[in-house]
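Everything on this sheet refers to the single structure shown next.
The values are calculated or read from the model by the stated rules, or taken from the named source; none is laboratory data. Keep in mind the model is a prediction, meaning the values are calculated, not measured. All Cβ positions, even for glycine, are placed from backbone atoms using ideal geometry, and neighbour counts span all protein chains on display.
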Amino acid sequence: MKSFAVFARKATVRYWWALRQIFGDAAYENYLRSLHRAARQHGSPITPLTPEEFYLDSLRRRYSQINRCC
Amino acid sequence: MWAAVALAGAAGLAAIAFERDEPLNATWFIVAAACTYLVAYRFYSAFIAAKVLALDPTRATPGERLDDGRDFVPTNKWVLLGHHFAAIAGPGPLVGPTLAAQFGYLPGTLWLIVGAVLGGCVQDFVILFCSMRRDGKSLGQMAREEVSRRGGFIAQLAVLAIMVILLAVVGLVVVNALKASPWGMFTLSMTVPIAMFMGVYLRFWRPGRVIEASAIGVALILLDVATGQWVANSPSWAHAFSFSAPGLAISLIIYGFAASALPVWLLLAPRDYLSAFIKVGAVFALAGGILLVRPVVQMPALSRFADGTGPVFAGKIFPFCFITIACGAVSGFHALISSGTSPKMIMNEAHARLVGYGAMLMESFVGVMAMVAACALSPGVYFAMNSPPAIVGGTAESAAQTISGWGYALAPQTMTDLAHMVGEQTLLNRTGGAPSLAVGMAQIFSHTIGGPHLMALWYHFAIMFEALFILTVLDAGTRVGRFMVQDLLGHVSKPLGRAGWYPGILFSSALITGAWGYFLYQGVLDPLGGINSLWPLFGIANQLLAAVALVVATTILLKMGKRKYLWVTLIPAVALVTVTMTASYEKIFSPDPHLGFLAAANQMAAQIASGAVPAGRLAETARLIFNQRLDAVVTGTLALMILVLVVEAIYEWVRIWTSSGAPVLHEAPYVRTQWQVETRAVEGDG
């Protein structure tokens, strides 16, 4: 029973993670992670976009090219 | 184990192909499709990955090398599979198979399965690979660099043409689904304020919290579908939400213009999120419903309309089945997605196989389910819904008489009862495929949950689901089309090309909306329902783009020195060029006025000349003649463009083949990945 509960909890966490990745909820966190990784590699200071700026920027990028098929 | 899967697939295909004595259960379709896909993925895609493309897991992808957290984002392969599938799966794999069901279930189903495995998946996979090796370059850029400058220009023009026709035809599907349907119209109208609420929520209150906002949006939409019944039952509200087809077309054109010019965060993006959620939910629900209900397919394997005299659209199985079903089998539009965002998000080269080949298999499966849902209807009902009034008449009696005369039994009361059951005034002449698919889905859903009492609710849920993501295609397509027009106008006038200059935005929005709006309105006025001419035109344009993609892919393979494996892309390319050229020729020059644009125009011109057209209808007939000739010119131009590209490509192939030096391949240089290389071999990955 306990092992099933552990399995269910892990599965839920995994599912929630995938859902957030697929639908874009995690996009800002991914962006920050990328930015910090780049900063570590190049040693330069960074000024990340705010969540709102990042959201608007990502929409502008996504909807200025074909991103949906027929 | 793989032998067992292959045997099961062969048994499924044999049942679909040869079973004639007893009604066929939908389970056979699922078994045939799923097993064929599994075998194709395991062996054919592995062969392409290892031998043809030689995917290299040690090579850093653009996602790794250029990672900026915005465009280039290395992404988990399963997440990217979800992204890519959501991007490629639109209304096409639902509508195309539904229309092609007029030939019977066999031709369309076989084309969906075989076309996807040998053509569509290969195209998506190879183009994804080519773009990934070129830092995510678009199909147009690759055509310019690898084939010729003219080839690149043709690809860009083909994309613009396909956008215009696509937007018109999907708009027409929505018009035919919602005309004189207050419930459906109310439901869809309410999605606009719901999407705007979500837009404000995501922009100001909780930036980027897409799941949260979408969950609220989906709940509101479900409430909206239920409320629609009350609207339909209230005479004054029903009147307010009852639109004629021309009225609805004009509303859509105005809407498309507004959606293109409004800030993207307000309407387009939240509608896209809503649509994605509902699309994924509805597709899984349909799959689950078919597995649970296992409906019996009532359509024959081959209908009498295999001879080309079909009421849904004219033309024989070859080439028109292959034109009608594009998405779900082979779709050129996918090449734009495969050379768009997806190649910039691949984490490891080996993942291209799962994302490119695997996502297309999933879309093909959606197409097979749509075919099952359409063929689960009785053929009489299917033809009554999908035939225009010019062929079966506008009353239940005339439709029943005509369709029964074709050998498909239909009582007039059947259509009246069915319309009553789904809460519509009529289901006759609902061309376009969406309403018949919605009835098929509603039957499957209501067998699972709620029984006949919920049939009306399920029908309007299905209509809302189809219309919602068709409108998303319309919004997003108009906006992208606007950018393309601005790009072209920028060569003429610099300010018109500036993305931020508002007069330029309005002007280019008006141009692109006017272009697809013209074709949409033309379709609405067409006495044969519009789908008859517009859907084949869309199919031709889409398959031409697929031919462009496969020709570009063949050129790249040749430059890579893969002469032995050229057949992988060359065979589908030759097949598509043959299909599209034959279809284009027949659509332009066929002497049958139901099929040939010029024959139809000439027939109407002769009617005017002989005085058979009343004075009051002269202007309308003259407009129809112009439209038929315009369609002929558009088809001819598209065919000519592909011919030029094919000739350019053949010239390039001969040059490469006969040249002693190594051809110039425009790949990004090899950089070894800094991440831990996946130890699994390419063949076993995924």
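One line per residue, one yes/no per condition, for (1) closer than 11 Å to B:Asp124 by Cβ; (2) out of contact with any Lys or Arg (no Cβ under 9 Å at 6 or more places or on another chain); (3) not basic (Lys, Arg):
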residue	(1), (2), (3)
B:Gly315	no, no, yes
B:Phe318	no, yes, yes
B:Gly328	no, yes, yes
B:Met347	no, no, yes
B:Ala359	yes, yes, yes
B:Phe365	no, yes, yes
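What tally of residues in the range B:597-643 results from selecting those that are closer than 30 Å to B:Ala547 by Cβ and among the small types (Gly, Ala, Ser)? Walk me through it before giving the result.
The first filter runs over the range B:597-643 and keeps only residues closer than 30 Å to B:Ala547 by Cβ, leaving B:597-602, B:626-643.
Then keep just the ones that are among the small types (Gly, Ala, Ser); that gives B:599-601, B:632, B:636, B:639.
Number of matching residues: 6.
Cβ contacts < 8 Å: first residue at the interface with another protein chain (Cβ under 7 Å from one of its Cβ atoms), restricted to the range B:264-275; second residue of a type in the set (Lys, Arg) and in a helix (DSSP H, G or I), any location; separation 6+ or different chain. Result? Pairs found: B:Val264/A:Arg60; B:Val264/B:Arg479; B:Trp265/B:Arg203; B:Leu268/B:Arg479; B:Ala269/A:Arg62. Residues considered: B:Ile571, B:Ile531. Of these, the only one that is of a type outside the set (Ser, Thr, Tyr) and either surrounded by fewer than 24 Cβ atoms within 10 Å (Cβ to Cβ) or within 14 Å of chain A (Cβ to nearest Cβ) (or both) is B:Ile571.
Checking each residue in the range B:56-103 for being facing chain A (nearest Cβ under 10 Å), assigned to a helix (DSSP H, G or I) and touching an Asp or Glu at 6+ places or on another chain (Cβ under 6 Å) picks out B:Ile88, B:Pro93.
Checking B:Gly481, B:Gly440, B:Gly433, B:Gly477 one by one, the residue that is in contact with a helix residue (DSSP H, G or I) (Cβ under 6 Å, 6 or more places away or on another chain), on the phi > 0 side of the Ramachandran plot and buried (at least 24 other Cβ atoms within 10 Å of the Cβ) is B:Gly433 and no other. Do we have B:Asp487 as within 14 Å of another protein chain (Cβ to nearest Cβ), in contact (Cβ under 8 Å) with a residue 12 or more places away in the chain, more than 24 Å from B:Ala100 (Cα to Cα) and of a type in the set (D, E, K, R) here? Taking the combined requirement at face value, the residue does not satisfy it. Restricting the first member to the range B:368-390 and to residues that are touching a residue at least 40 places away in the same chain (Cβ under 8 Å), and the second to residues that are of a type in the set (D, E, K, R), the beta-carbon pairs closer than 6 Å and six or more apart or on different chains are B:Met385/B:Arg430. If you scan the range B:245-263, which residues turn out to be within 14 Å of chain A (Cβ to nearest Cβ), in contact (Cβ under 8 Å) with a residue 60 or more places away in the chain and hydrophobic (A, V, I, L, M, F, W, C)? Correct list: B:Ala259, B:Ala261. Counting only helices (runs of 4 or more DSSP H) that sit wholly inside the range B:107-190, those with at least 1 residues that are within 14 Å of chain A (Cβ to nearest Cβ) and surrounded by fewer than 24 Cβ atoms within 10 Å (Cβ to Cβ) are B:139-146, B:149-178. Of note, B:Ala515 satisfies the criterion of being in contact with a helix residue (DSSP H, G or I) (Cβ under 9 Å, 6 or more places away or on another chain), farther than 30 Å from B:Val296 by Cβ, in a helix (DSSP H, G or I) and of a type in the set (Gly, Ala, Ser).
Helices (runs of 4 or more DSSP H) fully within chain A that include at least 2 residues being surrounded by 13 or more Cβ atoms within 10 Å (Cβ to Cβ) and among the basic types (Lys, Arg): A:51-62.
The conditions of being closer than 28 Å to A:Tyr63 by Cβ, of a type in the set (A, V, I, L, M) and modelled with pLDDT of 85 or more are not met by B:Val551. Scanning the range B:109-167 for residues that are closer than 28 Å to B:Ile317 by Cβ and hydroxyl-bearing (Ser, Thr, Tyr) yields a total of 1. Taking the range B:412-424 as the range and being within 15 Å of B:Ala384 (Cα to Cα), among the aliphatic types (A, V, I, L, M) and in contact with a helix residue (DSSP H, G or I) (Cβ under 6 Å, 6 or more places away or on another chain) as the test, only B:Met415 passes.
Determine whether the range B:219-241 contains at least one residue that is out of contact with any strand residue (DSSP E or B) (no Cβ under 7 Å at 6 or more places or on another chain), of a type outside the set (Val, Ile, Thr), within 13 Å of chain A (Cβ to nearest Cβ) and in contact (Cβ under 8 Å) with a residue 40 or more places away in the chain. Working first, answer last.
If we filter the range B:219-241 for residues that are out of contact with any strand residue (DSSP E or B) (no Cβ under 7 Å at 6 or more places or on another chain), which is where we start, we get B:219-241.
Remaining after also requiring of a type outside the set (Val, Ile, Thr): B:219-220, B:222-224, B:226, B:228-230, B:232-241.
Checking which are within 13 Å of chain A (Cβ to nearest Cβ) leaves us with none.
So far as the range B:219-241 goes, no, none of its residues is out of contact with any strand residue (DSSP E or B) (no Cβ under 7 Å at 6 or more places or on another chain), of a type outside the set (Val, Ile, Thr), within 13 Å of chain A (Cβ to nearest Cβ) and in contact (Cβ under 8 Å) with a residue 40 or more places away in the chain.
Being of a type outside the set (A, V, I, L, M) and surrounded by fewer than 22 Cβ atoms within 10 Å (Cβ to Cβ) is the requirement here; does B:Gly228 meet it? Considered against the rule, which asks whether it is of a type outside the set (A, V, I, L, M) and surrounded by fewer than 22 Cβ atoms within 10 Å (Cβ to Cβ), B:Gly228 comes out as no. Highlighted here would be helices (runs of 4 or more DSSP H) found entirely within the range B:377-478 that include at least 2 residues which are in contact with a strand residue (DSSP E or B) (Cβ under 7 Å, 6 or more places away or on another chain) and modelled with pLDDT under 95, but there are none. Among the residues of the range B:585-627, those identified as farther than 16 Å from B:Asn532 by Cβ, part of a helix (DSSP H, G or I) and among the polar types (S, T, N, Q) are B:Asn602, B:Gln607, B:Thr621.
Only helices (runs of 4 or more DSSP H) whose full extent lies in the range B:249-351 are considered here, and the ones with at least 2 residues that are in contact with a Leu (Cβ under 6 Å, 6 or more places away or on another chain) and small (Gly, Ala, Ser) are B:268-293, B:333-338.
If the condition is being within 14 Å of chain A (Cβ to nearest Cβ) and β-branched (Val, Ile, Thr), then the range B:340-373 contributes B:Thr341, B:Val355, B:Val366.
Which one of A:Leu19, A:Leu32 is more than 26 Å from B:Leu474 (Cα to Cα) and at the interface with chain B (Cβ under 9 Å from one of its Cβ atoms)?
Going through A:Leu19, A:Leu32 in turn, the sole match is A:Leu32.
Only a single criterion out of (1) crowded, with 24+ Cβ neighbours inside 10 Å; (2) away from chain A (no Cβ under 14 Å); (3) under 24 Å from B:Met362 (Cα atoms) is not satisfied by B:Gly315, namely (3).
A count restricted to the range B:486-512 and to residues that are in a helix (DSSP H, G or I) and surrounded by fewer than 23 Cβ atoms within 10 Å (Cβ to Cβ) stands at 16. Being at pLDDT 90 or above, within 19 Å of the chain's Cα centre (by Cα) and not hydroxyl-bearing (Ser, Thr, Tyr) holds for only one residue in B:Ala276, B:Ala329, and it is B:Ala329.
Can we say B:Phe197 is modelled with pLDDT of 95 or more and surrounded by fewer than 24 Cβ atoms within 10 Å (Cβ to Cβ)?
Details: modelled with pLDDT of 95 or more: yes; surrounded by fewer than 24 Cβ atoms within 10 Å (Cβ to Cβ): yes.
Answer is yes for this residue.
Candidates in the range B:191-214 are the residues that are within 27 Å of the chain's Cα centre (by Cα) and without any contact (Cβ under 8 Å) to a residue 12 or more places away in the chain; of these, the one that is nearest to the other protein chains (Cβ to nearest Cβ) is B:Ile211.
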